[in-house]
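Below is one structure; the comments refer to it alone.
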Amino acid sequence: MGRTNRKRRSTLANRAIAASAALALGGGGLLAANIYASAGEGKNSPQNAQTTAAGVATIKCPDVGQKLTDVPKGARAGVDKELAKLDQQVTEAYKRLADTRQAQAGDSSYVNNAILSPLKSKRTATIDRIGINIKRAGGKAPQQQDQLAGCEGVPADQINAGGGQGQNGGQGQGGQGQDQGGQDQGGQGQDQGGQDQGGQDQGGNGGQVLNGPEAGDFQDITQVQPTGGAKGVGPNGLPANGDSGSTGTFTTSCGTNGNDNHNSDNIIVAPGVDNGAQHTHDYVGNQDNDAFTSDQEFLQADTSCQNQGDKSSYYWPVLRLQDGTDEFDANDLGGGAEGNIGKILEASQAELKFVGNKAGDVVAMPSALRIITGDAKAFSNGLANANTNWSCTGFEDRQLTDKYPICPEGSSVVRTSFFQSCWDGQNIDSANHRTHVAFVQEDGTCANGFQAIPQLQARLVYDVPAPQIQNGQVVNPFAVDGFPTELHKAITDHNDFINFFDENTMNQVVDCINSGQDCQ
């Protein structure tokens, strides 16, 4: 099959890591399910280190990458690699959290002393290296480094607290929090407890992964009030087009990844870093996307798009049915070793459409423009960059943002992403991979002198069995792949795009949109 195979990772090393990681995640059997029933035994905040350890469900850390808006280009490669190390450190700490439940139960300070404090020390050193990289290239090191280094444990009773989706398609507030950082409580601590080997199954749930999702992450779509259609959860995550301005469309048909092109890299956020995403992606369009692909290699690669003038890369986290299936990555980093298990579902439809701007014409996208919409860490980071829309066929006037839909018989799950469609006119990327593009304002105009570009709208449809809620547990759930600490929350869905339309095809896209035509 056509999986990306340019990995620099040793298979034996990968399986060794996977064995210990799977044990760690398996040892957290109470972490993402039964822990909810016994939550609320203590408070957790940066000011209160004596959190009841058994109630800590996950770890939340400030997203350093989103704070770096002014990194000199000469420093970006080094900074991106250090940012990936921060992600790896948090994942290792989470696995330790899952692997030491007995020790935590016997020592209320264990999480802070043995997990959060060492994590802070590691993060401090890494953030220091980020600052050195930036200063060497003539920039300014990040401010308040101590606050950026500190992390906190999130109690189980806060996982779905704070409102959530409800029945109106509104914005979910659960788990938003603030980047306050944890306090260093001194001693490193030692692992004195045995491993709770709860196994990978929770009593007939079909192999549900143990770091989520749980029953509260699902909503019956028939009980959601109509909202008029997908509108996004980001600050301006709205469809850019309307019945005025540039009203045309350009649809590109690139398939549904039937050739199984997968990897757990992320060339945008972590170029040159193997397993930089820590979750598996579907790739359509360009067939040579991994962490090491150069722009020239993108241009020379094959494409799955019918229009051979479109060598763009379109990719998103896979959706899995947690049915106990061992996929090709069951023992790999990015897959089962990091809590992403079960059958990878191929979309039955993948509609990639570019639309116009309701305030006026659009201009051509530059070659190699990179855009990320949504936030893989939205559960920890809050909603600033979240942009999710979940629904069901036949019910797309009802949208969920922080819940997965339970669709009625004959209806399929729908994931919709509206990309940013304002560009700063200069940069194909930015230090935090966001500030070079923006969403339109409500009247369709672009702020701050940005220019309107075609808006990518990605709609993915999946034929997936509806999960069942039994005795407060979800049976055979589905979920997007994600970082282990994000507990497979629906709000963490995201989508990525790198523009490699050739010049003639991009001009055709612009002409079709500005002239009001519907082209493909």
Between SER121 and ASP463, what is the label-to-label distance in nm when each label sits 7 Å out along the Cα-to-Cβ direction? 5.5 nm
For region 341-447, which GluC sites (Glu not before Pro) are both in a DSSP coil and crowded by at most 15 other Cβ atoms within 10 Å? GLU409, GLU442
If amide H atoms are modeled at 1.01 Å from N in the peptide plane, then the residues at a separation of 5 or more from LYS343, or on another chain, having amide H under 5 Å from its own are LEU321, ASP323, GLY324, THR325
Hey, got a sec? Which GluC sites (Glu not before Pro) in region 78-164 land in a DSSP loop and have at most 12 other Cβ atoms within 10 Å? none
Once neighbouring chains are kept in place and the probe is 1.4 Å, which whole percent of the accessible area of region 436-496 is contributed by carbon and sulfur? 42 percent
I need the calculated FRET efficiency for the pair ASP128 and THR256, taking r as the beta carbon distance and R₀ as 30 Å, to the nearest 0.05. 0.10
In region 347-373, whose amide N lies under 15 Å from the spot 7 Å out along Cα-to-Cβ of GLU503? List them in ranges. 364-368
Label-point separation, GLU297 to ASP443 (7 Å along Cα→Cβ), nm: 4.6 nm
Tell me the per residue accessible area of region 264-419 using a 1.4 Å probe; a whole number in Å² is fine. 28 Å²
For region 50-135, what % of the accessible area comes from carbon and sulfur atoms, probe 1.4 Å? 47 percent
Estimated vicinal HN-Hα couplings, Hz - region 90-101 in sequence order (Karplus 6.51, -1.76, 1.60; Gly, Pro = x): 5, 4, 4, 5, 5, 5, 5, 4, 6, 8, 10, 5
Probe 1.4 Å - accessible area at SER304, Å² to nearest ten: 50 Å²
Could you give each residue of region 316-331 its phi-based ³J(HN,Hα) in whole Hz, using Karplus coefficients 6.51, -1.76, 1.60 with θ = phi - 60°, and x for Gly or Pro? 8, x, 5, 9, 10, 8, 7, 10, x, 5, 8, 7, 4, 9, 4, 10
Return the long-range amide H neighbours of CYS392 (sequence gap of 5 or more, or a different chain), with a cut-off of under 5 Å between placed amide H atoms. VAL414
Please list 3J(HN,Hα) in residue order for region 462-478, calculated via the Karplus relation 6.51 cos²θ - 1.76 cosθ + 1.60 where θ = phi - 60°; whole Hz, with x for glycine and proline. 10, 8, 10, x, 5, x, 10, 9, 10, 6, x, 10, 9, 9, 6, x, 10
Amide H contacts of GLN349 (H built 1.01 Å from N, under 5 Å, at least 5 apart or other chain): VAL461
Using alpha carbon centers only, region 460-520 is separated from region 83-155 by a whole-angstrom value of 31 Å
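The values are calculated or read from the model by the stated rules, or taken from the named source; none is laboratory data. Nothing here was measured: the structure is a model prediction, and the numbers come from that model. Cβ coordinates were reconstructed from backbone atoms using ideal geometry, including for glycine residues, and neighbour counts include every protein chain displayed. To get the accessible areas, we keep the full protein, side chains included, count just its heavy atoms, and leave off ligands, DNA and RNA. Shrake-Rupley method; radii C 1.70, N 1.55, O 1.52, S 1.80 Å.
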